[in-house]
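So the structure is just underneath, and the comments pick up after that.
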Amino acid sequence: MSKAIDESMIKQLYYSYVHPHLKYGIEVYGSADRTHLDKLQIKQNKLLKILSKKSYRYSSTTLHTDLDIPKVNSIYKNQILTFVYKQQNQLLPEIFENTLQQNLHFRERSTRQDSHLHISRFRSSVGEKSVKVKSAKLWNKLPSNIRNLNSLSCFKRSLKPLLHVL
């Protein structure tokens, strides 16, 4: 007879053994075709259902909400937006200094979008899926009060509830 493990143990197992693997390099593979990310999401859902002893028909969204474990897409958005925050606040090595720039550097006159990041134009769908374009689009969707926070920890805390909406 097997005993059920409680929610805190599920989270501890997940964050110890699974989350680091999903998070590693997600800034790069997170912009892959949705079909590839869906496979990862399915595996994450299956694992959480097995750990929590839920039926395969149990709602994955409910399970993620109950356990407070982000889905793969939210992990991707969190990592990308954290990277942009660090880049915009000079918390990264110098090589990333000009990776993403605000619109005010590209326009002669002032507009309401001056504080938004410049989105480069590409002729192919591959270019549109690049980390540079996706990160700028995500960053521009954030409310300005969150973009302008002074500390990384406050930014991450404020970002968490918005990840599923962006």
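The values are calculated or read from the model by the stated rules, or taken from the named source; none is laboratory data. Because the structure is a prediction, the values reported are computed rather than measured. We place every Cβ from the backbone using ideal geometry, glycine too, and count neighbours over all the protein chains shown. Accessible surface is based on the protein model in full, side chains and every heavy atom, while ligands, DNA and RNA are left aside. Shrake-Rupley method; radii C 1.70, N 1.55, O 1.52, S 1.80 Å.
Using the Cβ-Cβ distance between D66 and N148 with R0 set to 45 Å, the FRET efficiency works out to roughly 0.85. Of the residues K39, K134, K86, the one that moves most in a GNM of the chain with alpha-carbon contacts below 10 Å is K39. Projecting the Cα atoms of Y85, S115, S52 onto the dipole axis of the range 33-161, where Lys and Arg carry +1 and Asp and Glu carry -1 at the beta carbon, places S52 farthest toward the positive end. List, in the order given, every pair from K23/K86; K134/K160; K23/K71; K23/K54; K86/K160 whose Cα-Cα distance in the structure shown is over 20 Å. In this structure, K23/K54 lie more than 20 Å apart at Cα. Cross-link partners of K132 among aspartates and glutamates, defined as those whose alpha carbon lies under 17 angstrom from its own and excluding same-chain residues fewer than eight positions apart: E27, D33, E94, E97.
Gain on full extension, evaluated as 0.36 nm per residue between T35 and S130 minus their Cα-Cα distance, stands at 32.5 nm. The range 119-149 and the range 1-52 have Cα centres separated by 26 Å. GNM remark for the chain: springs join alpha carbons under 10 Å apart, and the peak mean-square fluctuation among I50, I42, I69 falls on I50. Proximity of backbone amide H atoms, modeled 1.01 Å from N, is registered between Q102 and H118 at under 5 Å, excluding neighbours fewer than 5 places apart on the same chain.
Looking at the chain, the accessible area is 68 square angstrom per residue; that uses a 1.4 Å probe and ignores ligands, DNA and RNA. About its Cα centre, the dipole of the chain is roughly 480 debye, where the only charges are +1 on Lys and Arg Cβ and -1 on Asp and Glu Cβ.
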